[in-house]
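To start, the structure itself, in structure tokens.
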Amino acid sequence: MKLSDLSVRRPVLIFMIVLAILMLGAVSMTQLAIDLFPEMDVPVALTIVEYDGVGPEEMEKLVTKPLEEQLSTINGVKTVRSQSTLGSSVVITEFNWGTDMDNNTIKMREKVDFIKAYLPEDVSEPMIFKMDLNMFPIMMLGVTGDGDLAQVKQTVENKIKPRLERIAGVASVDVSGGKTREIQVEVSPYMLQAYGLSIQDISNIIRGENNNFSVGSVEQGKKDYLVRVKGEFKEIKEIEEILIPLKTGETIALKNLAQIKNTYEEQKSYSLLNGQPSISLNIQKQSDANTVKVSDAVQEELETLKNELPGNIKIEMAMDQAEFIRKSIDGVKQNGYIGALLAVVVLFLFLRSVRSTLIVGTAIPISIIATFILIYFSGLTLNMMSLGGLALGIGMMVDSAIVILENIYRYREEGYSRFEAAKLGASEVGSAVVASTITTICVFLPIVYVEGIASQIFRPLALTVTFSLIASLLVALSLVPMLSSKLLVVDIKKEKPKNIFQKIGGLWVKFLDGLDNFYSMNLKWAINHKFIVIVVTIAGLVGSAFLIPKVGMEFMPAQDNGMFTVQAKLPNSTVLGETSKIATQVEASIAEIKEVDSIFMSVGSGGGMATGNFGSGSNMISITGNLVPLTERTRSVQDIMDEIREKNKNLAGVALSVTAEGGSMGSGSPIDITIKGHDLDVLKNLEEQFAQKIETVEGTREITTSLEEGVPELTVNLDREKASLYGITSSQLSGAIRMGLQGATSSKYRTGGDEINIKVFLPEKDRGRIDDLNRLMVSSPMGVNVPVEEIATLKYETGPTTISRVDQSRTVSITGDIAGRDLKSVTEDIQKAVKEIPLPSGYQVEFGGSNKDMIESFTSLGLALIMAIFLVYMVLAAQFEALLYPFIIMFSLPPTLIGVVGGLLLTGKTFSVISFIGVIMLAGIVVNNAIVLVDYIGVLRSRGMEKTEAILKAGPTRLRPILMTTLTTVLALLPQALGIGEGSEVSAPMAIVVVFGLSFSTIITLILIPVVYSILDSFAQKIKNFFTRIITGDKNTEAM
């Protein structure tokens, strides 16, 4: 029994199934996670190793190279990149898309474990982890207070942080800024020299004195007592009274050798929120947690905390990703509602019946709710892509229902009862409706061959559209016939209009009749002037092809989420005080901009994960700004960023970079050029030449180079011959110098629930000059303390700050942003400009960043498009059981180019990955109109009509259904195409491509397809007659 027959015979069963779907859909909808973009499984893993005090060149040789050699041997590795900096090595291993990253990280650990024995002894334990977008904080808080900032920080660490970390879904809360208590032991170098001691001796003695030990147990009677030796400091005075043994056998109190201070550690960075000193909290969520739910839970907990904390403590939100996500998702939902309403209006105008509109209109909400069930069980989230696919599906959901209802209506007009009309009408077109839906769905099958970020974006969108079409097909085959058998009424008597609404309806009918006549006249002219139609169409296609370069190309459209980041870097030797002056100046210039709502500034840090800049140092400034909502400002974030650049362009010696935090899914800067070679001096020279050429290209901005100004270094060269006389090694020398200059944390002083570091170092006045370094004492195994100048010489040099490598070759990179032009044209101009620069032998240039991502994604999507077109043809051939008619239908595809190019040019959008996805979907959508037309021509010819007569009859007859299905799809996407709401920049290009492509294709198809049908059918008939004459030998065979 067919589904349509079952639905008409068992209406209560269908009604109960619909209720069950509504119930399950409502529950599924509440359980769906909400996010901005689909979950990204990035095939990148990091290996981080620290080696304190070791320079970049030594780090490269001792740590980075061995790690690279091992990690490069893992199967599936695409690229190995590394950065060697002072005391740190970071190796970034990129794998091919689609590989199992859990398995890859296990292999990486095995390789690192193998090489670990060959690394220097003092290196840290290698840390390996997958690159996860959830590593970046979803919220940034600023905590301020009227009192001492140290007390505020203590409140944050003891009360606020633990409460937030207990929230479900929160992975970690990182605290930075403020002051940290420290017990400082400032040892006089003169006293050390006088008593023959070293700073290491003092540190070791403090460490040995401040301990509690469990040393066993004793039995007393029937009880067993644990024996503990308690030596931990209870008061700071105890530290002062520590007795230091001398080589003479005597002792001296530590207070006679050093000054003990209960103070704060040296501040190397600080944070400000809207100009006020603050403690910053960066909140990261767990990988499987939902951003919006975590944000809501944090906000609720913060409200509770505000009532419990002292009145002087204020917590302010510096950044909340969930806010933009909510606005973006709400905007897509609103556009969907508007689109659905417009689609229903179109249905009413064409059907001119409340009951008929209700029957078809019911398919939309039920199909949407059923789609939510499929989305939930497939593990997808509600995001910009999945909801964008749902918005696209809304317009197509009613297509099947329209076709079935129209056929049922025709049977009712012929006098059949509602019951029989519903059965016969649905049954007659059921197979055609199924085939039409399969044609649309099959364009998504090649998704399995799409790789990279395009696959991550395309898959949830494709699945959502597929789910919505399957749901709408089932509704059309079951609910529509059932409702038609109960509600459909046909006005056979054609009574005269009695009220104003009926009169308006009559005028609308006259308009549609006039449109039919206008189309009939133009179709007749086209059939008689086939050559002109073909030439005009070809001219339109050629003209559109020539206009494609004017459209421009980019990887992903930029978003305006109202956030920007300013990164400023001063010369490497700049102290924190001077950096602070510049920071204040930049902050003040930003605060003057009326659209800026809040400013969070970090001085002495690159911003870390919050900004994607992991650099740190006294010369670094990071500012994160939030703008007022988009509805409250007329300027875009790009306009405001341009104003910031203009206001700060004259800051001498400051490298300023302003970027938008747009939720971009790209993996690099728009401009990212890598030069490979082995000599750093040659690379630096090439880098400077490339940067100068790139800066001359129109549309480029903020061009930066990776080889920064060298850091002034004072190298200590060990005289091994002299050092061997005292038994001193290079490691012992570096340890002694490190302790003298930076100090050493010897132990911890516990008071209450806090642990305070006890740090031993030389007074500031005795560790800032070269003479102080020369006089620094080094302990030898022989019990003799030797000054540095006795066993080493000092020399001024300039060393690199960072050594970058790609695939085991040293590299430099030139990065930058673009403005006012598309990525493709800028990249082409850059390639022309740098061609003039001669490359030495063994050096090569690679273009990466967003341009590389764009090329890879377009190549992958291009293959998917070609496969989709072939699949559509195969489905049509199977449906028609013929090869010619599907070939005719495929002629509806080329005219979409005119609409796509025209739409993108008209709206000022570029061709991106999102636009390309729209083109692929068009391949399955535009053919449906041609199917309806060609199928009916075939039906009429099978009834005995001559070819031209059948064409002239089928065109006007199918005009209204074609216009109805096209308008429902176009109007459903219109709000999305107009870019209404925040976050619409991502989905708008896809909607524009579909709206303009489908519109132009429909207009041209109504004329072109009948003409192509007439030409190819005549040609096919001539070929058939030709072979018939050869086979039969009959020269008088006539065309049929």
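The values are calculated or read from the model by the stated rules, or taken from the named source; none is laboratory data. Since this is a predicted model, take the numbers as computed values, not measurements. When we count neighbours, we look across all protein chains shown, and the Cβ atoms used for this are built from the backbone with ideal geometry, even at glycine.
Taking region 719-820 as the region of interest, the strands (runs of 3 or more DSSP E) fully inside it that hold 3 or more residues being of a type in the set (Ser, Thr, Tyr) and on the phi < 0 side of the Ramachandran plot are 744-751, 792-799, 809-818.
The residues of region 795-809 that are modelled with pLDDT of 80 or more and touching a Ser or Thr at 6+ places or on another chain (Cβ under 7 Å), listed by number, are Thr802, Ile803, Ser804, Arg805, Val806, Asp807, Gln808. Within region 1018-1031, not a single residue is part of a helix (DSSP H, G or I), modelled with pLDDT of 85 or more and of a type in the set (Phe, Trp, Tyr). Taking the criterion of being of a type in the set (Ser, Thr, Tyr) and buried (at least 17 other Cβ atoms within 10 Å of the Cβ), the residues of region 107-157 that qualify are Thr144, Thr155. Test Leu707 against the stated conditions and say whether it is among the aliphatic types (A, V, I, L, M), surrounded by 17 or more Cβ atoms within 10 Å (Cβ to Cβ) and modelled with pLDDT under 80. Spelling it out, Leu707 is indeed among the aliphatic types (A, V, I, L, M), surrounded by 17 or more Cβ atoms within 10 Å (Cβ to Cβ) and modelled with pLDDT under 80. The listed residues are Ile206, Ile260, and the only one of them that is under 53 Å from the mean Cα position of the chain (by Cα), outside any helix (DSSP H, G or I) and closer than 23 Å to Ala736 by Cβ turns out to be Ile260. Has region 925-938 got at least one residue that is closer than 30 Å to Lys684 by Cα and in the same structural domain as Gln976 (by TED's automatic domain parsing)? Scanning region 925-938 turns up no residue that is closer than 30 Å to Lys684 by Cα and in the same structural domain as Gln976 (by TED's automatic domain parsing). Restricted to region 89-122, and to residues there that are in a loop (DSSP other than H, G, I, E, B) and touching an Asp or Glu at 6+ places or on another chain (Cβ under 7 Å), the residue that is farthest from Met59 (Cα to Cα) is Gly98. All told, Lys234 meets the bar of being surrounded by fewer than 12 Cβ atoms within 10 Å (Cβ to Cβ), within 55 Å of the chain's Cα centre (by Cα) and part of a loop (DSSP other than H, G, I, E, B). If you go through region 345-359 and keep only what is surrounded by fewer than 22 Cβ atoms within 10 Å (Cβ to Cβ), within 12 Å of Tyr409 (Cα to Cα) and of a type in the set (Ser, Thr, Tyr), you end up with just Ser353. For region 138-151, indicate whether the set of residues that are in contact with a Pro (Cβ under 9 Å, 6 or more places away or on another chain) and either within 22 Å of Phe761 (Cα to Cα) or assigned to a helix (DSSP H, G or I) (or both) is non-empty. Among the residues of region 138-151, at least one is in contact with a Pro (Cβ under 9 Å, 6 or more places away or on another chain) and either within 22 Å of Phe761 (Cα to Cα) or assigned to a helix (DSSP H, G or I) (or both), which makes the answer yes. What do you reckon, is Ala322 in contact with a Gly (Cβ under 7 Å, 6 or more places away or on another chain) and surrounded by 15 or more Cβ atoms within 10 Å (Cβ to Cβ)? No. Checked against the criterion of being touching a residue at least 60 places away in the same chain (Cβ under 8 Å), among the β-branched types (Val, Ile, Thr) and closer than 23 Å to Arg810 by Cα, the candidates Ile703, Ile728 yield just one match: Ile703.
Can you pull out the residues in region 528-540 that are part of a helix (DSSP H, G or I), out of contact with any helix residue (DSSP H, G or I) (no Cβ under 6 Å at 6 or more places or on another chain) and not polar (S, T, N, Q)? Phe531, Ile532, Ile534, Val535, Val536, Ile538, Ala539, listed by residue number. Taking the criterion of being over 30 Å from the mean Cα position of the chain (by Cα) and closer than 21 Å to Glu60 by Cα, the residues of region 123-144 that qualify are Val123, Ser124, Glu125.
Would you check if Leu405 is in a helix (DSSP H, G or I), surrounded by fewer than 23 Cβ atoms within 10 Å (Cβ to Cβ) and modelled with pLDDT of 80 or more? No: the conditions fail for Leu405. Taking the criterion of being in contact with a Phe, Trp or Tyr (Cβ under 8 Å, 6 or more places away or on another chain) and more than 14 Å from Ile925 (Cα to Cα), the only residue of region 867-884 that qualifies is Met867. Scanning region 209-231 for residues that are of a type in the set (Lys, Arg) and assigned to a strand (DSSP E or B) returns Lys223, Arg228, Lys230. Set side by side, the residues Ile925, Ile889, Ile914 differ, and just one is over 20 Å from Gly540 (Cβ atoms) and crowded, with 24+ Cβ neighbours inside 10 Å, which is Ile914. Each residue in region 415-430 was checked for being in contact (Cβ under 8 Å) with a residue 24 or more places away in the chain and of a type in the set (Ser, Thr, Tyr), and 1 pass.
The residues on offer are Val187, Val170, and the sole one that is closer than 24 Å to Ser746 by Cα and of a type in the set (Val, Ile, Thr) is Val187. In region 274-295, the qualifying residues are those that are part of a strand (DSSP E or B) and either in contact with a Leu (Cβ under 9 Å, 6 or more places away or on another chain) or basic (Lys, Arg) (or both), and the one that is surrounded by the fewest Cβ atoms within 10 Å (Cβ to Cβ) is Pro277. Within region 19-42, if we keep just the residues that are touching a residue at least 12 places away in the same chain (Cβ under 8 Å) and not aliphatic (A, V, I, L, M), the residue that is surrounded by the fewest Cβ atoms within 10 Å (Cβ to Cβ) turns out to be Gln31.
For Asp681, the conditions (1) over 18 Å from Ala568 (Cα atoms); (2) of a type outside the set (S, T, N, Q); (3) touching a residue at least 40 places away in the same chain (Cβ under 8 Å) are fulfilled apart from (3). When you check Val218 against the structure, is it touching a residue at least 12 places away in the same chain (Cβ under 8 Å), touching a Phe, Trp or Tyr at 6+ places or on another chain (Cβ under 7 Å) and loosely packed, with under 12 Cβ neighbours inside 10 Å, yes or no? Considered against the rule, which asks whether it is touching a residue at least 12 places away in the same chain (Cβ under 8 Å), touching a Phe, Trp or Tyr at 6+ places or on another chain (Cβ under 7 Å) and loosely packed, with under 12 Cβ neighbours inside 10 Å, Val218 comes out as no.
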